[in-house]
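Q: The structure that follows is given in the form of structure tokens.
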Amino acid sequence: MSQVSFDEPTRTFLLTTPASSYALRIDADDNPRHVHWGAPLTLGQAAALPTHDGVTSSFASTGGEELAVEGGARFGVPALLVRYADGARGVEWAYEGHDIAEGRLHVRLRDHHHPLGCTLHYAVHEDSDVVERSLTLRHLGTAESADAPIEILRCDAASWSVPAVSGVRLSHTVGEWSGETQLRRTEAPYAETVFTSRRGVSGHYGNPWLMVDAGGADESHGEVWSMVLAWSGSWRITAQRDHTGGPFTVTGGAGHDGLTWRLLPGESHETPVFAGQFSRGGFGATSRGWHRYVAAHVLPCPDEVRPVIYNSWEATGWDVTPEGQRALAVRAADLGAELFVVDDGWFGQRTSDRAGLGDWHPNPERFPHGLGPLVEEIRQLGMGFGLWVEPEMTNPDSDLYREHPDWVLHMPHRRRTELRHQLVLNFARTDVTEWAFKWLDGLVSTYAIDYLKWDMNRAFTEAGWPGHPDAERLWTDHTRGVYSVLDRLRRAHPDLRIEGCAGGGGRADLGMLARTDQTWISDNTDADDRIAIQHGYSQIYPARTMSAWVTDSPNPHTARITPLSHRFHIAMAGALGIGGDLSRWTEAELTEAREMVGVYKEIRPVVQFGEQFRLDDAVQYHAGDRVVVIAWGRDRDLRLAGLSPTDVYVDDATGTEHHAATLLTHGLPLRLPAGERPSAVLRLTRR
Ligand code: GLA
């Protein structure tokens, strides 16, 4: 039973989730201090705990605060940095009270002198060990009063304290374009460690989450504290390890270093959610906890089966023609694809990446009768219709840019740096988001579009907004603008489904997943490379959101030659798609592909909705009576996970019976087919 309780005499709050507890306390100086995050405690036990006293000597101070502010003898990483008109900095809190309702706690604070209010928000759910945290800053002055704006130098969403343990190991991902979400585990240095994106998107180079363990956790054992920021723009998470043995602190929120903006009298600012989860079941249980949370509390349509998609990008590049697309669609439908997505190259003068972004009408030479006839044919083939868009961008060679050169992020007397020959439209401007919503709404209505792939292919540079009195707000407001257009679009078109993409997996995060259905996690479709990328993605995000295509061999990115079965098996670990040039596939390949799509549709409910266990060179999915294992590498006895030992399973293909007890201890005898890069899909059903 998830709940929030309060011990009045010690001013201790306890948040209870099914398998963890989180406690904080308002101390004698009215500071909200951390008390506990870990195994379940009663309110009495939590109230009896001492407060983590951050200030241990006249020189040292670390952590232990729910929101590390600047002010007094604090020398750790500040989560909130403010400057008032009189030059004073920092905060001295006065506790104003709290509200508790339906798994939510709001702690109200204000500065005892300056007109700054802050409410710390906490939320817990019945079905999850995730604690959601965020805050609202308020300028308590009014526009009519003489109050000056308050300068905000940093405003994190939350600070987390992980109890001091013998070692501190961090898990996180690093990456790059075409090599996203590479998992790294590393001992935390005795220092401040910054994880960040300064690109305007959450980024390819790191994903906004962190896991902490004492160094010994593995997939199935050990205490793990994990934190995930639900934000799609620039971000910063700073971890601090202190040799004096205090708690390990992690503070994080939107925006990167050096951005400053002003909170105006009467104005409120809501941070994104920085959520945390404690688990005693190692990294596997931690990931499954996040998968369940994303399904129950983040995704708009979690229970819908994700369709088998065909996407034409790797087949045609920018050479999009009705004939070419039609030919691919006929073959895709024959293989069992359920949705056909026309990628980049259908609009404006978009015959390469040099022109056309911003001119969102069908290319008149390529589609003289609009997209209508092609859409009609795709529907007649029994597939839904999807379209690629990149609404936040424009090429300087476009009618849009010629008409509105001021709509892009830019600064006076600075060059406009082009990346992929394009510039970023300022989605913090409401005229820009109005324009975007209008054409998107029109496009979706005209063609009754089922699916949009929303791309974003470059980082911000010269991120200015000439004429605006507080331009650096755009770093947050651009992301909010993107959210608002996506939200409006979904409200206006409840049947529309959306795939998030940013040059592959450059914006794969909970902020986007709250308003999309799938993520294009990498432009790299090489099955071998995908194994690591998918492994990293699966740490937090569930398989149903992971678009994965089967493409050609040799792979266009890596030139690696891989058997079709292996390409299919690895892509079946998520939401299967096909992206190869089907016009060049042989009859034998088409036949094999048709069979593989059939297999996927049969295992799809288990893969998309089951619990996922990462095994050694294999992934296991478990839902109800069914177990699906996707395995690669070599022959071996593969130990399965998460089964009830008294159950008996039958191999769907061979009829062989296996005791779950032996599958868990001795393993499933895995005999892979002969040849290069062997792999298999195994299906077991409980007897
Ligand atoms: C990005 C996407 C690709 C494709 C191209 C089109 O790179 O990640 O999947 O849509 O843009 O230009």
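Q: Taking a ≥ b ≥ c as the square roots of the eigenvalues of the Cα gyration tensor of the chain, is the shape rounded (a/c under 1.5), prolate (a/b larger than b/c) or oblate?
A: oblate
Q: What ranking do Trp209, Trp585, Trp388 get, fewest neighbouring Cβ atoms within 10 angstrom at the top?
A: Least to most surrounded, the residues fall as Trp585, Trp388, Trp209.
Q: Quick one: Cα convex hull volume of the range 309-609, Å³ per residue?
A: 128
Q: Sort Asp616, Asp509 so that the residue with the fewest other Cβ atoms within 10 Å of its own Cβ comes first and the one with the most comes last.
A: Exposure proxy ranking, most exposed first: Asp616, Asp509.
Q: Across bins of 10 angstrom width beginning at 0, how are the C-alpha pair distances of the range 4-297 distributed, in whole percent?
A: Pair shares across the bins are 6, 29, 37, 22, 5, 0.
Q: Then there's this: For the range 369-381, take each phi angle, set θ = phi - 60°, evaluate the Karplus expression 6.51 cos²θ - 1.76 cosθ + 1.60, and give the result in whole Hz per residue in order, putting x for glycine and proline.
A: Ordered by residue, 3J(HN,Hα) equals 9, x, 7, x, x, 5, 4, 4, 5, 4, 5, 5, 7 Hz.
Q: Report, by chain and number, residues whose modeled amide H sits under 5 Å from the one on Gly103, excluding near sequence neighbours (fewer than 5 apart, same chain).
A: Amide H neighbours of Gly103: Val4.
Q: For Asp441 and Glu151 in one chain, what is 0.36 nm times their gap in residues minus the Cα-Cα distance, to one decimal in nm?
A: The Asp441-Glu151 span can extend by a further 100.7 nm.
Q: Here's a follow-up. Using every alpha carbon pair in the range 525-640, what percent of pairs falls into each 5 Å bin from 0 up to the bin containing the largest distance?
A: P(r) for the range 525-640, in whole percents per bin: 2, 11, 23, 24, 20, 13, 5, 1, 0.
Q: Step through the residues of the range 597-607 one at a time and calculate ³J(HN,Hα) from phi using the Karplus curve (6.51 cos²θ - 1.76 cosθ + 1.60, θ = phi - 60°), rounding each to whole Hz and writing x for Gly and Pro.
A: With the stated coefficients, the range 597-607 comes to 4, x, 4, 4, 4, 6, 8, 3, x, 6, 5 Hz.
Q: A further question follows. Would you kindly derive the ³J(HN,Hα) couplings of the range 210-219 from the backbone phi angles with the Karplus curve 6.51 cos²θ - 1.76 cosθ + 1.60 (θ = phi - 60°), listing them in order in whole Hz, with x for Gly and Pro?
A: Values per residue, Gly and Pro as x: 8, 10, 10, 9, 6, x, x, 5, 9, 4 Hz.
Q: Another one. From the mean inverse distance of alpha carbon pairs (Kirkwood) and the Cα radius of gyration, derive Rg over Rh for the range 85-242.
A: Expressed as Rg/Rh, it is 1.02.
Q: Which residues' amide hydrogens lie under 5 Å from the amide hydrogen of Ile498, considering only partners 5 or more residues apart or on another chain, with H built in the peptide plane?
A: The list, which skips near neighbours in sequence, is Leu452, Asp517, Gln518.
Q: For the chain, what does the helix formula give at 222 nm: sum of -39500 (n - 2.57) over DSSP H segments with n ≥ 4, over the residue count, nearest 500 deg cm²/dmol?
A: Value at 222 nm, helices only, nearest 500: -6500 deg cm²/dmol.
Q: So what's the projected area for the range 622-686, the Cα convex hull averaged over all directions, in nm²?
A: So the Cα hull casts an average projection of 4.0 nm².
Q: Okay, next question. Suppose we look only past 18 Å in the calculated P(r) of the range 17-164. What percent of the Cα-Cα pairs does that tail hold?
A: The answer is 60 percent, as a whole percent.
Q: Work out the charge dipole of the chain with +1 on the Cβ of Lys and Arg and -1 on the Cβ of Asp and Glu about the Cα centre, then indicate which of Ala275, Ser166, Pro396 is farthest towards its positive end.
A: Ser166
Q: Please give the FRET efficiency for Leu664 paired with Thr558, using the beta carbon to beta carbon distance and R0 = 45 Å, rounded to the nearest 0.05.
A: The pair Leu664/Thr558 has a calculated efficiency of 0.80.
Q: Now, a different point. Taking amide H positions as placed 1.01 Å from N in the peptide plane, with prolines and chain starts having none, which residues 5 or more places from Ala164, or on another chain, fall under 5 Å of its amide H?
A: Distant-sequence amide H within range of Ala164: Phe248.
Q: Also, I was wondering about something else. Along the charge dipole of the chain, Cβ charges K/R +1 and D/E -1, which of Asn311, Pro247, Leu357 sits furthest on the positive end?
A: Most positive-ward Cα: Pro247.
Q: Let me ask something additional. Projected area of the range 215-267, taken from the Cα convex hull and averaged over every viewing direction, in nm²?
A: Averaged projected hull area, Cα only: 6.8 nm².
Q: Using the Cα centre of the range 80-185 as origin and beta-carbon charges of +1 (Lys, Arg) and -1 (Asp, Glu), tell me which of Tyr84, Ala94, Thr181 is placed farthest towards the positive end of the dipole.
A: Checking the options against the dipole of the range 80-185, the answer is Thr181.
Q: So how far, in whole Å, is the C-alpha centre of the range 391-413 from the one of the range 120-147?
A: Here the two parts' Cα centres lie 36 Å apart.
Q: Can you say what percent of the DSSP beta bridges in the range 301-447, counting only those with both residues inside, are antiparallel? Round to 5.
A: Once the DSSP bridges in the range 301-447 are tallied, antiparallel ones form about 40 percent.
Q: Using R₀ = 22 Å, calculate the FRET efficiency as 1/(1 + (r/R₀)^6) where r is the Cβ-Cβ separation of Leu419 and Gln182; round to 0.05.
A: 0.45
Q: Follow-up. How would you rank Phe568, Phe248, going from fewest to most other Cβ atoms within 10 Å of each one's own Cβ?
A: Arranged by neighbour count, lowest to highest, Phe568, Phe248 become Phe248, Phe568.
Q: If you bin every alpha carbon distance in the range 350-459 into 5 Å steps from zero, what whole percent lands in each bin?
A: Taking all Cα pairs of the range 350-459, the binned fractions are 2, 11, 20, 23, 19, 12, 7, 4, 2, 1, 0 percent.
Computed from the coordinates by the stated procedures, all read-outs in this text should not be read as laboratory data. In this text the structure is predicted, and so the values were computed from the model without any measurement. Neighbour counts run over all protein chains shown; Cβ positions are idealised from the backbone, glycine included.
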